[in-house]
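The structure's right below; bear with me while I get my questions together.
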């Protein structure tokens, strides 16, 4: 084994260790309140809610103290324009819907991934504990950083939890949601337990994740 190869391996290990230590230190500072508040498109980030195949969801607060959920969706570098247009059209239709079984949509649009605050939000969540809990399934894709192709959706914050199985009461609320969606020519392509939340304030089940 050549000395050059060993040197490269040691260099890689050293860089990874440095990044890990830096991430842990940043997270500790954030918890202590020593790090400046992070904002995404003018909304203060309170905490990380979850991560999916294409994006991450944060709990955010506006300047008036109103709480929302914001999903950051990473669009593929080669996504056709009609796909993005279709997403915008669907969300625009959803904005007009006020129904207790359908999550409310307030805003949507593109986000600048070069924004330092956004990058910090993701970095501060990249801790050993989160990786063990599989909270973060991926880092920011290279194509998102190069092209700024991230899409955000500002939604109603549902104070509750995901359902574990589709019971009769869940099924009934989902039927009501689907009936309302059909009147607006909208279909939900992924109805499953993880896309249904129980709203502890209203006692209703809410259909989420339309993008």
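No lab work stands behind these numbers, since they all come straight from the coordinates. Just so it is clear, the structure is predicted and the values come from calculations on it, not from any experiment. No Cβ is skipped: glycine too gets one built from the backbone with ideal geometry, and neighbour counts run over all protein chains shown.
Label points 7 Å out from Cα along the Cβ direction at residue 200 and residue 166: separation in nm?
Distance between label points: 2.6 nm.
What spacing in nm lies between the two simple spin-label points modelled at residue 84 and residue 175, each 7 Å away from Cα in the Cβ direction?
4.1
Place the peptides 186-194, 202-210 in order of packing, highest mean first, counting for every residue the other Cβ atoms within 10 Å and averaging per peptide.
In descending order of packing, they fall as 202-210, 186-194.
I've got another one for you. For a quick protection proxy, order the peptides 158-168, 58-68 by their average other-Cβ count within 10 Å, most packed first.
58-68, 158-168
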